[in-house]
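Peer 1: Take a look at this one; I'll ask things after.
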Amino acid sequence: MESIGRRRFVKQTVTAAAALAVPASAFAELIPTALQFSQVALPYAANALEPNIDALTMEIHYGKHHAAYIKNVNDAIAGENITFTTEKDFFANTSKLSAKARNNGGGAWNHNFFWQVMKPNGGMPTGKIADAINGAFGSVDKFKEQFTQSAMTRFGSGWAWLVKDGNTLKVGSTPNQDNPMMDLSELKGTPLLALDVWEHAYYLKYQNKRNEYVANWWNVVNWDEVAKRLN
Ligand code: MN3
């Protein structure tokens, strides 16, 4: 107890001293700082989505691929003097950015989103998200068919999406690391659900069988997170 009390005293003293000194850097807070992307913590263990997504794929995907997108977009922001302060503005102006900023910015954001819309034992949509899907697609099964079709027909690397566009829901896909918030994207809207169909997302376990990866991925969709984004 004594050491905690002492630590608090030291911290308060240091804070008070810093406040009195008023370093010049204090004024830096008044100038808007450029956007920095950061990697979300994985909301579950790397092996938590087994057997649908294997641990080694998750470790490499999160620890290598995604980490590199984060580093590279931040390098681009610094190196190219990109001054947007929000992700929204960054993506609304993607057409003006370099390929490095566009590809790595998309990769940074898309994966942060992807990890959060998955969880072990995902189940089925219920409540308002189920109502919205039924309203837009006729049934959850029909929605899954259309989404799967988008994932399967995206040639090469890219993403399949469920988006909210105005008052409707739509499915579609984007190439490479593009996303539906980008001004140059053909598919536009607020992302509700995303599936990474790059080979790095499934090749170790599924090899060329993207269809099996997509079919099993439905077992790990976090519908509560999807529903949150409907608001
Ligand atoms: Mn990926």
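Peer 1: Please give every one of the aspartates and glutamates within straight-line cross-link reach of LYS64, meaning a C-alpha to C-alpha distance under 18 Å, and leave out same-chain neighbours fewer than 8 residues apart.
Peer 2: The qualifying aspartates and glutamates are ASP54, ASP75, ASP196, GLU199.
Peer 1: Check cross-link reach from LYS170 to the aspartates and glutamates: straight Cα distance under 15 Å, and skip same-chain residues fewer than eight apart.
Peer 2: Output for LYS170: ASP131, ASP141, GLU145, GLU186.
Peer 1: Label segment 51-231 by shape, choosing from rounded, prolate and oblate, from the square roots a ≥ b ≥ c of the eigenvalues of the Cα gyration tensor; if a/c is under 1.5 it is rounded, and otherwise prolate applies when a/b is larger than b/c, oblate when it is not. Please report the intermediate quantities before stating the final value.
Peer 2: Working: a/c = 1.86, a/b = 1.28, b/c = 1.46.
Oblate shape, in that a/c is at least 1.5 and b/c is the bigger or equal ratio.
Peer 1: Where only protein heavy atoms count, and the probe is 1.4 Å, what is the accessible area per residue for the chain in Å²?
Peer 2: 54
Peer 1: Oh, and also: What's log10 of I(q)/I(0) for segment 24-157 at q = 0.18, 0.19 Å⁻¹, Debye sum over Cα points only, no solvent?
Peer 2: Normalising to I(0) and taking log10 leaves -1.14, -1.18.
Peer 1: Sticking with this one: Could you work out how far apart the two model spin labels at THR153 and ALA99 are, taking each label as a point 7 Å from the Cα in the direction of the beta carbon, and quote it in nm?
Peer 2: The modelled label-to-label distance comes out at 2.7 nm.
Peer 1: Run down the lysines and flag those whose C-alpha is under 19 Å from the C-alpha of LYS96, throwing out any fewer than 8 positions away in its chain.
Peer 2: LYS88, LYS188
Peer 1: Per DSSP helix of 4 or more residues, -39500 (n - 2.57); summed, then divided by the residues of the chain. What does that give at 222 nm, rounded to the nearest 500? Walk me through the intermediate numbers first.
Peer 2: Working: 10 runs with 106 residues, N = 231.
One gets -13500 deg cm²/dmol as the mean residue ellipticity at 222 nm.
Peer 1: Please report the net charge: other residues with Cβ closer than 15 Å to the Cβ of MET181, K and R +1, D and E -1.
Peer 2: Residues near MET181 contribute +1 overall.
Peer 1: Among 109-117, 122-130, 215-223, how do they line up by average Cβ neighbours within 10 Å per residue, starting with the highest?
Peer 2: 109-117, 215-223, 122-130
The values are calculated or read from the model by the stated rules, or taken from the named source; none is laboratory data. From a predicted model like this one, the values you see are computed outputs, not experimental measurements. FYI the Cβ positions are ideal-geometry reconstructions off the backbone, even for glycines, and counts take in every protein chain you see. The area values use the complete protein model at the heavy-atom level, side chains included, leaving out ligands, DNA and RNA. Shrake-Rupley method; radii C 1.70, N 1.55, O 1.52, S 1.80 Å.
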